[in-house]
Amino acid sequence: MGRWKPPRKAGSPYITAAGYAVLQAEQKALWIRRREVVAALSAAAAEGDRSENAEYIYRKKELGGIDRRIRYLQKRMPLLQIVRHEVPPERVFFGAIVELEFGSKDRARYQLVGEDEADASKGKINIDSPLAQALLKKRVGDRVSITIDAQEKSASIESIDYDVDTTHHAS
């Protein structure tokens, strides 16, 4: 029997317009891929004994993964709130692209995004993360202190930028 885990706290329901477009494209691609997998699964099932049919077993697992992701997107996407900024604020808020300078002229660039589009390898950090929380409402020139690997680090905010969408009104 597995260990009980408490339910995970729901993350912020915010997303950038670009992030929402990525989820929409993913959902569309999943439906197309699902049709292909169902066709391959039918062909594999027609070959006979399913218990030893590797193609059938593989396609069945693949279809399950696709269906899980589609269900997740169908439940999650209606809950998301697209955040747009017509005029970039002077402070750090959701969607901000912040450039930090650490003491030794070491620079890092982060964008504050929702959990659905967070990707640390691309510099996109979750708005609920400790670093993002430390940056919120700060201005250029402000200093922030964060703990990384049990070590206190200090950085100054060098720039704040927003990917401003002028084609839509703020939500």
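Between 0 and 90 degrees, rounded to the nearest ten: what's the tilt of helix 54-76 against the longest Cα principal axis of the chain? Orientation of helix 54-76: about 40 degrees from the principal axis. In the assembled protein chains, SER121 presents an accessible area of approximately 110 Å² (probe radius 1.4 Å). Here are labelled values, (i) 49, 32, 29; (ii) 103, 37, 26; (iii) 69, 44, 31, and one is the computed Cα extents along the principal axes in Å for what I pasted. Which one? Recomputing Cα extents along the principal axes in Å here gives the entry labelled (iii). Once C-alpha pairs closer than 8 Å and six or more residues apart are averaged by separation and normalised to the residue number of the chain, the relative contact order reads 25 percent. Taking GluC sites (Glu not before Pro) in DSSP loop states with no more than 12 other Cβ atoms inside 10 Å as exposed sites, the chain has its longest site-free stretch at 91-171.
On full extension, the segment bounded by GLN81 and ARG35 gains 13.6 nm, given 0.36 nm per residue less the C-alpha separation. The string of couplings for segment 29-46 from the Karplus curve (6.51, -1.76, 1.60, θ = phi - 60°) is 5, 5, 5, 5, 4, 4, 4, 5, 5, 4, 5, 5, 5, 4, 5, 5, 5, 6 Hz, one whole number per residue in order, with x for Gly and Pro. Listed by chain and number, the lysines whose alpha-carbon sits under 23 Å from that of LYS153, ignoring those within fewer than 8 places in the same chain, are LYS105, LYS122, LYS124, LYS137, LYS138. For ASP116, ASP149, ASP163, ASP106, the ranking by accessible surface with the largest value first comes to ASP149, ASP163, ASP106, ASP116, using a 1.4 Å probe. Rounded to the nearest whole Hz, the Karplus-based 3J(HN,Hα) values (6.51 cos²θ - 1.76 cosθ + 1.60, θ = phi - 60°) of segment 81-97 follow the sequence 10, 6, 9, 10, 10, 6, 10, x, x, 7, 10, 7, 9, 4, x, 5, 9, with x at glycine and proline. Between ARG91 and ARG139, residue separation times 0.36 nm minus the direct Cα-Cα distance comes to 16.8 nm. Each Cα pair under 8 Å and six or more residues apart adds its separation to the average, and for segment 87-129 the resulting relative contact order is 29 percent. At a Förster distance of 45 Å, what's the computed FRET efficiency of GLU55 paired with ARG109, Cβ-Cβ distance as r, to 0.05? E(calc), rounded to 0.05, equals 0.50. Measuring only protein heavy atoms, the 1.4 Å probe finds LYS153 accessible over about 80 Å².
The values are calculated or read from the model by the stated rules, or taken from the named source; none is laboratory data. Everything numeric in this text was worked out from a predicted model, so none of it was measured. Cβ coordinates were reconstructed from backbone atoms using ideal geometry, including for glycine residues, and neighbour counts include every protein chain displayed. Note: areas computed on protein heavy atoms with side chains; ligands, DNA, RNA excluded. Shrake-Rupley method; radii C 1.70, N 1.55, O 1.52, S 1.80 Å.
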